[in-house]
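Just so it is clear, none of the values below were taken in a lab; they were calculated from the coordinates. Predicted model only: the values in this text are computed from it and were never measured. In this analysis, Cβ positions are derived from the backbone assuming ideal geometry, glycine residues included, and neighbour counts consider all displayed protein chains.
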Amino acid sequence: MNVVAIAVIAVAGMVIAVFANVFSNVLSSRLTALDRLRPWHVVGIGLLLLVAAGALGWVQGLTSPPGADQSGAQPAAHAVLVKRDSYALRPSSSVATNDEDKVDLDTGHPGYGRSTIQLGPARDGGPAEIILEDDHVHGFDKTAPFAPAPKGASTFQDCSTGLADQAARLARLNLSDLTEGSSFCVETSDKNISLVRIAKMQSDPVAVDISFVTWRR
């Protein structure tokens, strides 16, 4: 709980104590029976309860992180973040088409490559984990985010296991090593896990269609 929240609780407590004391004195000195309860007494008690409820609600807002689920439920582990049944990639040597050669697996949008300065078509997305060149695929930086997918891979755990073998990880994938139906795993820039499948490949001109699913780590 932060300092502001503690201060708010203290002030609210003082206000409630003062009001409670006032009404206690009023009720003890002027009321000898419930049938002598006046409308202004009821209004005062109602205001007291509203002040208390408002203070508690504000404190809850201060102590909850932005976007938190107020019900207390936590995001499901390994939930699917993004799923695309078809995504077309085409090599680009022109600013006008530099949104066609890449995809950010955390968002499913083109994103950007090694330069964060976005030239060309406006687009959403962050760092692109897959950028298609004429003869290979690489990511937005020089790390090794790729790993061969275990045979029959279809789950988060399958790819998590494949990526755990650091010696098997690659910084680039040669198109000559990929075939239609083959799969590979990717650790994204947000440290999530993706399974990517090659749906269709063409060599002249180069074109690759993929499908992918990204799970929250």
**Prompt:** How large is ³J(HN,Hα), in whole Hz, for each residue of region 118-125 in order, when computed from phi with the Karplus curve 6.51 cos²θ - 1.76 cosθ + 1.60 and θ = phi - 60°, using x for Gly and Pro?
**Reply:** 8, 9, x, x, 5, 7, 9, x
**Message:** Report the gain in length on full extension from residue 143 to residue 122: 0.36 nm times residue separation, minus Cα-Cα distance, nm rounded to one decimal.
**Reply:** 4.9 nm
**Complete:** When 151, 200 are ranked with the fewest other C-beta atoms within 10 Å first, the list becomes 151, 200
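Give the calculated FRET efficiency between residue 133 and residue 211 to the nearest 0.05, with a Förster radius of 22 Å applied to their Cβ-Cβ distance. It would help to have the intermediate numbers written out before the result.
Working: r = 20 Å, r/R0 = 0.92.
The calculated FRET efficiency here is 0.60.
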**Asked** Stretched out fully, how many nm does the piece from residue 88 to residue 157 gain, at 0.36 nm a residue minus the Cα gap?
**Response** 22.2 nm
**Complete:** Given 136-145, 90-99, the highest-first ranking by average Cβ count within 10 Å works out to 136-145, 90-99
**Request:** Provide the descending list of Cα extents for region 118-174 along its principal axes, expressed in whole angstroms.
**Result:** 38, 22, 18
**Item:** Two-site label geometry, residue 182 and residue 97: point separation in nm, points 7 Å out along Cα→Cβ
**Value:** 2.4 nm
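Fewest first, what order do 85, 106 take by the number of other Cβ atoms within 10 Å? Provide the component values of the computation, followed by the final result.
Values: 85 10, 106 22.
If I rank by nearby Cβ atoms, fewest first, I get 85, 106.
What whole-number value in cubic angstrom gives the convex hull volume per residue for the C-alpha atoms of region 80-215?
Values: hull volume 13.1 nm³, N = 136.
Measuring per residue, one finds 96 Å³ for the Cα hull of region 80-215.
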**Request:** Could you run the Karplus curve 6.51 cos²θ - 1.76 cosθ + 1.60 with θ = phi - 60° over region 163-172 and give me ³J(HN,Hα) per residue in whole Hz, x for Gly and Pro?
**Result:** 6, 5, 7, 4, 5, 8, 7, 10, 8, 8
**Item:** Residues of type aspartates and glutamates that residue 83 reaches as a straight line, Cα spacing below 20 Å, ignoring anything fewer than 8 places off in the same chain
**Value:** 99, 100, 101, 104, 106, 124, 129, 158, 180, 187, 190, 209
**Kirkwood estimate for region 92-133, i.e. one over the average of 1/r between Cα atoms, Å** = 9.9 Å
